[in-house]
1. Going by what's in this entry, would residue 175 be described as modelled with pLDDT of 80 or more and open to solvent by 70 Å² or more (accessible area, probe 1.4 Å)?
2. For segment 89-101, does any single residue satisfy the condition of being among the aliphatic types (A, V, I, L, M), touching a residue at least 60 places away in the same chain (Cβ under 8 Å), farther than 29 Å from residue 21 by Cα and touching a strand residue (DSSP E or B) at 6+ places or on another chain (Cβ under 7 Å)?
3. What residue, among those in segment 104-131 that are of a type in the set (Ser, Thr, Tyr) and within 20 Å of residue 40 (Cα to Cα), is least open to solvent (accessible area, probe 1.4 Å)?
4. Of the residues that sit in segment 142-160 and are surrounded by fewer than 16 Cβ atoms within 10 Å (Cβ to Cβ) and part of a helix (DSSP H, G or I), which one is farthest from the chain's Cα centre (by Cα)?
5. Just to confirm my filter: which helices (runs of 4 or more DSSP H) fall fully inside segment 13-103 and include at least 1 residues that are at pLDDT 90 or above and surrounded by 17 or more Cβ atoms within 10 Å (Cβ to Cβ)?
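The values are calculated or read from the model by the stated rules, or taken from the named source; none is laboratory data. Quick caveat, the model's predicted, so the values are computed rather than measured. Virtual Cβ from ideal backbone geometry, glycine too; neighbours counted across all protein chains shown. Remember, those area values only see protein heavy atoms, side chains included, never the ligands or the DNA or RNA. Shrake-Rupley method; radii C 1.70, N 1.55, O 1.52, S 1.80 Å.
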Amino acid sequence: ITRRALYCAIALWVALEVVLLFSQASLSENVAHNLSIKGEISAATEDDDRNVVLVVGNSLAGEGLHAGSLEDAAFDKDTVVIKAVPDGSNIWDWFCILQAASESAGAAPTMIIVPFAWDQLSDQAPLDLNRSFSYLCDLGHLEEFAAYKELDANAVLEVVATKLSAAFRLREQIRNRILGLAVPNFKQIAQQLNARRGVASEAESTVTDGN
């Protein structure tokens, strides 16, 4: 490989990183939501004259809880509801969100609601490094998680790459966008496969619990 080709490759990679950095929110609703969580919490808690209800859970919890109903609850002042409900999230992601809320410059949320399934608050829940460290967790959380999970050098490298490279952390969204353009009805097919996989996992868990 020539030096000129190497420089061109580096320039193209840098250009890709810049484009993705400024357009990442448009790749999926979940990415846009994750990007906005900390800012929404910070903005909402700046006003001491209103209640802030923070709902932390996965996307199913977000769909199941109606923000308007919570805002109409019997509080003595105005109420704003913030939903922090990333797709597929669990205790590891929620820990980072709640810590960010506690460290916000404003007041702490008036109420925190955490809807969860039986296995989502266990430290045995799977840790998805790409999902957690893309937007929700900081590098410092890796040391805290290491007390509960066995994290090797590959895990550390994955977290660092996730933090440094937009192309790396958005690889699944880019793949899905390309497949969506190339494969007819890809989104519907993927949703059906994920639904079947979820049913199979639930059935396996039921059998295991029965034994």
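1. So residue 175 fits the description; yes.
2. no
3. Taking the candidates together, the pick is 104.
4. 153
5. Ranges flagged: 29-44, 91-102.
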